[in-house]
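The structure appears below as structure tokens.
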Amino acid sequence: MSDGLVDGRCWWGASTPEYVAYHDEEWGRPVRDSRALFEKLSLEAFQSGLSWITILRKRENFRAAFAGFEIERVAAFGDADRERLLADAGIVRNRAKIDATIANARAAAALDVDLSELLWSFAPEPRPRPRTPADVPASTPESKAMAKELKRCGFRFVGPTTAYALMQACGLVDDHIDGCLVRAARGSASS
């Protein structure tokens, strides 16, 4: 694994069947649908301090609990929904993260532009893929600017590292290690 590849995949994407599928079919592929972006933003926030595999394995439960991450529906959640979510063993029951997801839906619904337009406005110019895991940053000037703007708009749990993880997951940047079997897909639309 000296070059950051395992079985032709990025070092992190080969350890479990869930990671293989996520790495090969989803991570780094451009997402431009606001609902899908809101889901990924929410899941990245829930992941903070936890292993991504924990979130990935609970993803369907999160989708069910948060109304398919439909922004307007989550924005309308009230106290009864909050209590329901806190009692749901199928998701991460963290009050601050649950409250942040609801607040983020409200912030997204109140934006003057589509969430997709806002997030993609921070996409940097394409650059060469990283050569090793050490070349993958935790944050960038663009993710710092994204986090600052999201916070200004009322979003929570969106620091520069979370913003950069979102950029990676949604294809705003291509951080697949050079030589990875996943082909670059930036610029194509997917959800």
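The values are calculated or read from the model by the stated rules, or taken from the named source; none is laboratory data. None of these values were measured; they are calculated from a predicted model. We place every Cβ from the backbone using ideal geometry, glycine too, and count neighbours over all the protein chains shown. When the accessible area is computed, the model is the full protein with side chains, heavy atoms only, and any ligands, DNA or RNA have been set aside. Shrake-Rupley method; radii C 1.70, N 1.55, O 1.52, S 1.80 Å.
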_Hey, Phe66 farther than 19 Å from Ala169 by Cα and surrounded by 15 or more Cβ atoms within 10 Å (Cβ to Cβ) or not_ = yes
*Determine whether segment 133-151 contains at least one residue that is in contact with a Lys or Arg (Cβ under 8 Å, 6 or more places away or on another chain) and closer than 21 Å to Gly28 by Cβ.*
no
_Qualifying position, being under 18 Å from the mean Cα position of the chain (by Cα), at pLDDT 95 or above and farther than 28 Å from Asn94 by Cα, among Pro141, Pro133, Pro160_ = Pro141
*Which pairs do you get when a residue that is among the polar types (S, T, N, Q), found in segment 23-40, comes within reach of a residue that is in a helix (DSSP H, G or I), reach meaning Cβ atoms under 6 angstrom, with the pair 6+ apart or on two chains?*
Ser34/Leu115; Ser34/Ser116
*Can you confirm whether segment 75-89 contains a residue that is open to solvent by 20 Å² or more (accessible area, probe 1.4 Å) and within 30 Å of Arg9 (Cα to Cα)?*
no
_Cβ-Cβ under 9 Å pairs, at least 6 apart or on other chains, segment 1-21 side at positive phi, far side basic (Lys, Arg) and open to solvent by 70 Å² or more (accessible area, probe 1.4 Å)_ = Gly4/Arg131
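Please state which one of Asp99, Asp24, Asp88 is assigned to a loop (DSSP other than H, G, I, E, B) and either out of contact with any strand residue (DSSP E or B) (no Cβ under 7 Å at 6 or more places or on another chain) or modelled with pLDDT of 95 or more (or both).
Details: Asp99 fails: assigned to a loop (DSSP other than H, G, I, E, B); Asp24 fails: assigned to a loop (DSSP other than H, G, I, E, B).
Answer to the check: Asp88.
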*Out of the residues in segment 37-54 that are surrounded by fewer than 17 Cβ atoms within 10 Å (Cβ to Cβ) and touching a helix residue (DSSP H, G or I) at 6+ places or on another chain (Cβ under 8 Å), state the one that is nearest to Cys170 (Cα to Cα).*
Ile53
_Quick test of your reading of the structure: Ala96 fulfils all but one of (1) of a type in the set (A, V, I, L, M, F, W, C); (2) without any contact (Cβ under 8 Å) to a residue 60 or more places away in the chain; (3) surrounded by fewer than 17 Cβ atoms within 10 Å (Cβ to Cβ). Name the failing condition by number._
(2)
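Restricting attention to segment 10-36, which residues are within 30 Å of Glu117 (Cα to Cα) and open to solvent by 30 Å² or more (accessible area, probe 1.4 Å)? Give the steps one after another, and end with the answer.
Pass one, segment 10-36, residues within 30 Å of Glu117 (Cα to Cα): 10, 12-13, 18-36.
Once the filter is applied, which keeps residues that are within 30 Å of Glu117 (Cα to Cα) and open to solvent by 30 Å² or more (accessible area, probe 1.4 Å), segment 10-36 yields Trp12, Glu18, Tyr19, Val20, Ala21, Asp24, Glu25, Glu26, Arg29, Arg32, Asp33, Arg35.
Name the residues in segment 133-156 that are in a helix (DSSP H, G or I) and crowded, with 16+ Cβ neighbours inside 10 Å, would you?
Of segment 133-156, the ones in a helix (DSSP H, G or I) are 133-135, 141-152.
Selection gives Glu142, Ser143, Lys144, Met146, Ala147, Glu149, Leu150.
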*Count - residues of segment 102-132 that are in contact (Cβ under 8 Å) with a residue 40 or more places away in the chain, open to solvent by 40 Å² or more (accessible area, probe 1.4 Å) and in a helix (DSSP H, G or I)*: 2
*Mind counting the residues in segment 63-85 that are in a loop (DSSP other than H, G, I, E, B), in contact (Cβ under 8 Å) with a residue 24 or more places away in the chain and farther than 21 Å from Ser48 by Cβ?*
1
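Can you tell which of Asp33, Asp79 is under 15 Å from the mean Cα position of the chain (by Cα) and acidic (Asp, Glu)?
Working: Asp79 fails: under 15 Å from the mean Cα position of the chain (by Cα).
Step by step, each of Asp33, Asp79 is checked, and only Asp33 is under 15 Å from the mean Cα position of the chain (by Cα) and acidic (Asp, Glu).
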